[in-house]
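Just below is one structure, and these are the notes that go with it.
The values are calculated or read from the model by the stated rules, or taken from the named source; none is laboratory data. Predicted model only: the values in this text are computed from it and were never measured. A quick note on method: Cβ atoms are made from the backbone with ideal geometry, for glycine too, and the neighbour counts reach across all protein chains shown.
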Amino acid sequence: MKNRTIKAGRLFIHKNGIRAGVSVFLLTLLAACGADDNVPDMPLGDRSIDFSTTVEDTQTRSGALATGNLLSMGIFAYYTGSNDLTISEKPNFMYNQEVKRSNASSPWTYSPVKYWPNNPGDKLTFFAYAPYVKEAIGSNPSFRPATDKGYPILDYIVSAKDNDQTDLLVSIPPSMNLTYGTNNGKVSLHMSHALTRVSAYVKSGDNVQGKQVTVFSMQATKKATLIFRDPTPSYNKYASWSYINPIEMITVSPSATLPFAVPAVKDEKKLLADFFLLPAARINESDHKFSITYTTAGTASSGDTPVQTVTLSNQTLPSMNKWEFGAYVSYTFLIEKQKLTVTATSHPTWGDAGTGTVTGSVVITYAENESTPNWSNGGSGSVDGKPVVTHSTVQNDVQWEDGGTEIVEKS
């Protein structure tokens with residue numbers, strides 16, 4: 001048998017037109033034993049649970065979440081009585097509870113309102129993600145049933161177009177084993193980016209006019225499972241991604257209209273795509289490829305205006321080890337008439353608030369003469385049907401010169 005304390009309010013009785021107040025005091029009632037005495041009773045109190053949030057970085061990309069534009073989140077909460085949370089517990093207090101606000105200066109609200117336990121030693125644990133999605137077939141992320149024991153598990157699927165991809169935030173660290181006195185009744189949630197932001201820029205390496213990207217795509221991991229977890233000495237985060245082997249890949253591409261004009265001014269860059277992608281699993285980093293086709297208009301001695309088409313398919317991206325939980329990596333595709341240089345930059349924050357660090361690059365040079373020393377056919381790329389070669393250093397090519405009007409002789 002368990003003792004349950006119920007706090008009632010004030011009862012008013014009207015008799016003969018006279019209003020009399022009768023105080024109803026705290027009553028201790030004996031509750032019948034339940035089927036499972038190890039499950040704590042739900043807390044009964046009169047102090048509502050309030051939420052506050054911060055997001056680790058500022059917003060720079062349309063669709064990215066930040067403290068100022070975070071308007072909804074989902075909460076999973078556990079009530080464990082006087083005990084700390086263990087992985088044998090179920091989310092018995094809140095299951096994907098929608099918590100929302102109308103703007104950044106408005107308070108977070110939800111319904112029905114939940115309350116802190118009257119017992120000052122009773123504990124609640126909160127896990128959060130954002131933005132909120134209603135649990136349904138096909139929701140992204142999707143969740144395990146409320147009857148499952150353990151910390152929350154979120155299944156996530158990447159969309160094919162960058163504009164359809166959604167930023168995903170999770171509360172790290174979770175708000176573990178809180179009492180009302182922990183923070184005067186306020187649950188403070190620190191939200192972190194769980195995906196890898198990957199930007200693709202195009203840039204001209206010369207002053208040649210009229211270059212255009214006609215095809216661009218990347219291969220990325222399609223689906224994974226986010227698991228809240230206890231940190232370890234080798235992995236200090238409270239959440240990690242889990243992958244099913246063999247890992248399923250998806251082709252992602254920009255929503256920008258193609259063909260996409262490459263800036264005509266040398267060294268000016270332009271954003272082609274901005275992806276929210278799953279961190280790369282170490283076992284399949286090499287499966288993340290890019291494909292690009294671009295054209296360059298030329299002038300022939302006959303007066304014709306031939307177009308050089310460069311197609312590079314399934315090329316390996318550098319610095320795949322930087323695709324980590326909450327990381328931001330940008331790639332600059334430096335386009336010239338004789339070569340393509342891909343440079344990876346790791347940024348210190350999701351919002352690119354600081355100077356990035358170049359972490360890797362690859363140079364793909366078009367083979368003018370396959371017998372040239374140290375040149376060899378590489379990849380499946382081609383220039384007008386001829387093979388290309390991949391180098392770690394730039395080769396001098398006297399046929400093409402930076403700037404001016406380029407002459408392309410027809411064969």
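Okay, residues lined up against (1) in a strand (DSSP E or B); (2) over 26 Å from residue 164 (Cβ atoms); (3) hydrophobic (A, V, I, L, M, F, W, C); (4) touching a residue at least 60 places away in the same chain (Cβ under 8 Å):
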{"position": "225", "(1), (2), (3), (4)": "yes, no, no, yes"}
{"position": "247", "(1), (2), (3), (4)": "no, no, yes, no"}
{"position": "250", "(1), (2), (3), (4)": "yes, no, yes, yes"}
{"position": "257", "(1), (2), (3), (4)": "no, no, no, no"}
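When residue 160 is tested against the conditions (1) buried (at least 17 other Cβ atoms within 10 Å of the Cβ); (2) modelled with pLDDT of 95 or more, the lone failure is (1). Here residue 247 fulfils each of the conditions (1) of a type outside the set (Asp, Glu); (2) crowded, with 17+ Cβ neighbours inside 10 Å; (3) touching a helix residue (DSSP H, G or I) at 6+ places or on another chain (Cβ under 6 Å) apart from (2). Within region 333-352, track down each residue that is among the hydroxyl-bearing types (Ser, Thr, Tyr) and in a loop (DSSP other than H, G, I, E, B). Residue satisfying the conditions is 349 alone. Taking residue 67, is it at pLDDT 65 or above and either farther than 30 Å from residue 327 by Cα or in the same structural domain as residue 149 (by TED's automatic domain parsing) (or both)? Yes; evaluated as a whole, the condition is true for this residue.
The listed residues are 330, 361, and the only one of them that is assigned to a strand (DSSP E or B), under 19 Å from residue 276 (Cα atoms) and in contact (Cβ under 8 Å) with a residue 24 or more places away in the chain turns out to be 330. I'm checking my understanding of the structure. Among residues of region 200-226 that are modelled with pLDDT under 95 and surrounded by fewer than 17 Cβ atoms within 10 Å (Cβ to Cβ), which one is nearest to residue 150 (Cα to Cα)? My answer is 210. Condition (residue is surrounded by fewer than 16 Cβ atoms within 10 Å (Cβ to Cβ), over 17 Å from the mean Cα position of the chain (by Cα) and under 24 Å from residue 198 (Cα atoms)) applied to region 105-120: is it met by at least one residue? No, every residue in region 105-120 fails to be surrounded by fewer than 16 Cβ atoms within 10 Å (Cβ to Cβ), over 17 Å from the mean Cα position of the chain (by Cα) and under 24 Å from residue 198 (Cα atoms).
Candidates in region 271-322 are the residues that are aliphatic (A, V, I, L, M) and assigned to a helix (DSSP H, G or I); of these, the one that is farthest from the chain's Cα centre (by Cα) is 283.
The single condition from (1) among the aliphatic types (A, V, I, L, M); (2) buried (at least 20 other Cβ atoms within 10 Å of the Cβ); (3) over 21 Å from residue 329 (Cα atoms) that residue 258 fails is (2). Search region 281-305 for residues being touching a Lys or Arg at 6+ places or on another chain (Cβ under 9 Å) and buried (at least 16 other Cβ atoms within 10 Å of the Cβ), and hand back the single one that is nearest to residue 140 (Cα to Cα). Taking the candidates together, the pick is 294. With the requirement that a residue be surrounded by fewer than 13 Cβ atoms within 10 Å (Cβ to Cβ) and in a loop (DSSP other than H, G, I, E, B), what does region 233-244 give you? Answer for region 233-244, where residues must be surrounded by fewer than 13 Cβ atoms within 10 Å (Cβ to Cβ) and in a loop (DSSP other than H, G, I, E, B): 233, 234, 236, 244.
Restricting 147, 166 to those that are assigned to a loop (DSSP other than H, G, I, E, B) and under 22 Å from residue 223 (Cβ atoms) reduces the list to 166. Of all residues in region 261-270, exactly one satisfies the criterion of being out of contact with any Lys or Arg (no Cβ under 8 Å at 6 or more places or on another chain) and surrounded by 14 or more Cβ atoms within 10 Å (Cβ to Cβ), namely 266.
Test residue 164 against the stated conditions and say whether it is among the charged types (D, E, K, R), in contact (Cβ under 8 Å) with a residue 40 or more places away in the chain and either touching a helix residue (DSSP H, G or I) at 6+ places or on another chain (Cβ under 8 Å) or in the same structural domain as residue 120 (by TED's automatic domain parsing) (or both). Judged against the criteria, residue 164 is a match.
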